[in-house]
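Beneath this line is the structure, given in structure tokens, with notes to follow.
Nothing in this text is a laboratory measurement; each read-out follows from the coordinates by a stated rule. It should be emphasised that the depicted structure is a prediction, and the values quoted were computed from it without experimental measurement. Glycine gets a Cβ as well: all are built from the backbone with ideal geometry, and neighbour counts include every protein chain shown.
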Protein chains: 2
Amino acid sequence: MAAARRDGRWIGFVPTMGALHVAHISLIEAAKRDDTFVVVSIFVNPTQFGPNEDFKNYPRDETADLVTCRRANVDLVFIPPVEEMYPPESATAVHVSRLTETLCGVGRPGHFDGVTTVVTKLLNIVQPDSAYFGQKDAQQLAVIRRMVRDLNMPIEILDCPTVREADGLAVSSRNVCLNKSQREQATCLYRALNEAKTLIKSGQTDGVAVVDAMRQIIEDADQTSIEYISVVDPASMQPVKRIERRVLIALAARIGKTRLIDNLQVDPRSRLG
Amino acid sequence: MAAARRDGRWIGFVPTMGALHVAHISLIEAAKRDDTFVVVSIFVNPTQFGPNEDFKNYPRDETADLVTCRRANVDLVFIPPVEEMYPPESATAVHVSRLTETLCGVGRPGHFDGVTTVVTKLLNIVQPDSAYFGQKDAQQLAVIRRMVRDLNMPIEILDCPTVREADGLAVSSRNVCLNKSQREQATCLYRALNEAKTLIKSGQTDGVAVVDAMRQIIEDADQTSIEYISVVDPASMQPVKRIERRVLIALAARIGKTRLIDNLQVDPRSRLG
């Protein structure tokens, strides 16, 4: 990497928790298109999982991930051991307030501190010019953008569209945890998001009405339990009551025991997105 | 600076709150000796002052500071405005736990969060190879070292000895706040530290006995009130009961209304420091 830097190459960074899938590959391809020296990190970060969450059972397949990276022409893969990232004496955390207090921040206290701290560490280790994140983790993306701006990190944060299966389910490492019937039910999330979009595009400005319609669709599916459905400002992540400009519709739900999130941005004033 | 970097110069950084004095100059000279392109920042950081502290009255003299920097052959002076460092939407803080919970951390809640956050910002803006801090702010130095290590910042933290007046008083921007009689009384701080050193060197291993002897000296002086006197581990800042290896003797006291801090490292096993 030092050589790439000396040669004036830009460094593009794709931080991941492994279990790489087509959505990760789309991030790698975006970094490739930007003609960067592409670094992928694989690190299942313990500090962003709560005590009752799925850190132990989070899908891991390092061998397959390395094959994926090779095929995608990744230039460097960084797989740090947990004890090197968090020696016992470490005592520092990066905290973003406000943006982290809604949506996933409510049900996963401490989650975003884990994310912002590990991303800061990884960015300082890799020292990329640009880093690539998926729009699927919309709140994470907003929090990281805020952090990078607030801490004056000399890095461009780029986002890539959510990659979806043919039936609309957002690609996620956790999708492998769904059994066949759960996988079928899981399409309700994207259907609910699309219903929200349809309502807003046809003039519905009442956030509560939009959420209610979405709730109906998800509750009608089997084995689902909703954690949240919210209409928020895409930058501040604060709830929006009257939908008059671009909003983020975000949701988290369990299908069986598997927690999935998804979101869609909708602008009532635009004929497109 | 971009040119200096292109020329392969190392960047040496001296972050200050201005009101520059000989101790700051000693940091600048250290950076010069290391043959770096020397950047000095002048920023009285509001977030490291408590609501009842002396942010408003902290000594400021930008004109004199610029003259001092010119005379010391500083290559670049960075004086950011407060509103650029902290736009209203900023929401990110860097927090170091444990090390910040003793000594000055007790009487100044939030102080070190202000320090670590602004230092992170300044380090990301300046992107130095090395940054220089005074040993006088021993806890700040330990906290920043911890932070830089924990967050994997690619920067060397270097420390310089406390600069003292002829009578031993540690040089500080706040010394100008002392009137003549307070200035005389203020020497009790260094006398107390020296008494601690003498006691430890002559075999005293009881931290409480050392602190008591120091307390006596400071209380015997007029217009003094002690905030803390502690014997701590120089890396962890945690109290030490039995003095068997190198310790940091640290104190904070008010002389009149002016809060001063000072410290000394003592190693009972060494014939030197």
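Things worth noting here:
- Chain B, helix-only ellipticity at 222 nm - DSSP H runs n ≥ 4, -39,500 (n - 2.57), divided by all residues, nearest 500: -10500 deg cm²/dmol
- Under 15 Å, Cβ to Cβ, from residue B:139 - net charge with Lys/Arg +1 and Asp/Glu -1: -1
- Candidates per GluC sites (Glu not before Pro) in the range B:1-104, loop by DSSP, up to 11 other Cβ within 10 Å: none
- Environment charge of residue B:162, counting only residues whose C-beta is closer than 12 Å and scoring Lys/Arg +1, Asp/Glu -1: -2
- Between copies, the label points at residue A:220 (set 7 angstrom from Cα along Cα-to-Cβ) are spaced 8.7 nm, reported in nanometres from shortest to longest.
- Descending principal axes extents, the protein assembly as shown, alpha-carbon based, whole Å: 79, 47, 45
- Longest to shortest principal axis, alpha-carbon extents of the range A:89-194, angstrom: 45, 28, 26
- Two-site label geometry, residue A:236 and residue B:180: point separation in nm, points 7 Å out along Cα→Cβ: 5.7
- Based on the Kirkwood approach, the hydrodynamic radius assigned to the range A:2-160 is 16.2 Å, with every pair of different Cα atoms included.
- Relative to its Kirkwood radius, the Cα radius of gyration of the range B:173-264 gives an Rg/Rh of 0.99.
- For residue B:10, inter-copy label distances in nm, listed shortest first [label point 7 Å out on the Cα-Cβ vector]: 3.1
- Straightening the chain between residue A:98 and residue A:1 buys 31.3 nm, computed as 0.36 nm per residue apart minus the Cα-Cα spacing.
- Here the calculated FRET efficiency for residue A:206 and residue B:56, from their Cβ-Cβ distance with R0 = 51 Å, stands at 0.60, rounded to the nearest 0.05.
- Antiparallel DSSP beta bridges within chain B, as percent of all bridges there, nearest 5: 55
- Modelled FRET efficiency - R0 25 Å, residue A:198 with residue A:22, Cβ distances, 0.05 increments: 0.40
- Shortest-first nm distances, residue B:257 label point to equivalent points in other copies (7 Å, Cα→Cβ): 6.4
- For chain A, the C-alpha radius of gyration sits at 1.02 times the compact-globule guess of 2.2 N^0.38 Å, with N the residue count.
- Contact order, relative form, for the range B:147-273: 21 percent (alpha carbon pairs under 8 Å, 6 or more residues apart, mean separation divided by residue count).
- Of the trypsin sites (Lys or Arg not before Pro) found in the range B:55-88, the ones in coil according to DSSP and having at most 10 other Cβ atoms within 10 Å of their Cβ are B:56.
- With respect to chain A, whose longest principal axis is taken over its alpha-carbon atoms, helix A:188-201 is tilted by about 70°.
- Gaussian network model of chain B, Cα within-10 Å springs - most flexible of B:182, B:216, B:127: B:216
- Under 5 Å, built H, 5+ apart or other chain: amide partners of residue B:171: B:163, B:164, B:165
- Between the range B:10-87 and the range B:225-265, the alpha-carbon center distance in angstrom: 25
- Cα gyration tensor category, rounded, prolate or oblate, for the range B:166-211 with a/c compared to 1.5: prolate
- For the range B:26-112, convex hull of alpha carbons as volume per residue, Å³: 149
- Positive minus negative residues near residue A:77 (Lys, Arg vs Asp, Glu; Cβ under 14 Å): -2
- Candidates per trypsin sites (Lys or Arg not before Pro) in the range B:225-254, loop by DSSP, up to 13 other Cβ within 10 Å: B:241, B:245
- Rel. contact order, % - alpha carbon contacts under 8 angstrom, at least six apart, chain A: 16
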